[in-house]
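Report on one structure; see the data block that follows.
The values are calculated or read from the model by the stated rules, or taken from the named source; none is laboratory data. Remember, it's a predicted structure, so these values are computed and weren't measured experimentally. We place every Cβ from the backbone using ideal geometry, glycine too, and count neighbours over all the protein chains shown. Protein only, heavy atoms only, side chains kept; ligands, DNA and RNA dropped before computing areas. Shrake-Rupley method; radii C 1.70, N 1.55, O 1.52, S 1.80 Å.
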Amino acid sequence: MSEALKIAERVLKAFKYYRCFVFEKHELPLVKDFVVKSELTGLVTIKKADPKYEDIYILTASLKGFEQDCISKVDELLSRGQIPLDQYKKMRSELVEQCITSMEHERIKEIVEKIEKYYQKLGRTQ
């Protein structure tokens, strides 16, 4: 089994069950290459898992822009009169958080689909 197929399988399992992939620094070039080849650029973020540990990295869904989009959606509910002002004041942050969680869930599904496609493509070329 090739290195590319192994990493694709590991990332796929990790995203399906844990919604992220934790790996060591020495695998960083392999993971970056995987992200590009599996067309995940812009959908995922690679960062250190914890500043205390120099050698542990995490690949997660990118949530960039989700908060602002969700704030806009919740504010739009108020402006359209779909939610009363008193309820908006009480529940705004909760509604924004629910929206972000929903968008993250959809992003994870999209990521898993792309990884599965890439994994199948690699399996056919082996």
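Computed extension gain for T45 through S62, at 0.36 nm per residue and net of the alpha carbon distance, reaches 5.6 nm. Full extension of the chain between I100 and D86 gives 2.8 nm of extra length, using 0.36 nm per residue less the Cα-Cα distance. Cα-based radius of gyration for region 1-63, normalised by 2.2 N^0.38 Å, reads 1.05.
For region 87-100, backbone phi angles converted through the Karplus equation (6.51, -1.76, 1.60; θ = phi - 60°) give residue-by-residue couplings of 5, 4, 4, 6, 10, 3, 5, 5, 5, 5, 4, 4, 5, 4 Hz, Gly and Pro being listed as x. Tell me the carbon and sulfur percent of the accessible area for the chain, rounded to whole percent, probe radius 1.4 Å. The nonpolar share, carbon plus sulfur, comes to 52 percent.
Computed about the Cα centre, the dipole magnitude for the chain is approximately 260 debye when only Lys and Arg (+1) and Asp and Glu (-1) carry charge, each at its Cβ.
Helix 66-79 and the long axis of the chain differ in direction by around 20°, with both axes built from C-alpha atoms. With Rh defined as the Kirkwood radius, the inverse of the mean 1/r over Cα pairs, the Rg/Rh of the chain is 1.12. Give me the base-10 log of I(q)/I(0) for region 65-115 at each q in 0.31 Å⁻¹, Debye formula, one uniform scatterer per Cα, rounded to two decimals. For region 65-115 at q = 0.31 Å⁻¹, log10 I(q)/I(0) is -1.11.
Amide H contacts for V44 (H built 1.01 Å from N in the peptide plane; partners 5 or more residues away or on another chain; cut-off under 5 Å): S62.
Taken per residue, the accessible surface of region 3-124 reaches 65 Å², heavy atoms only and a 1.4 Å probe.
Rounded to 0.05, the FRET efficiency of the S2 and D55 pair, given R0 = 25 Å and the Cβ-Cβ distance, is 0.55.
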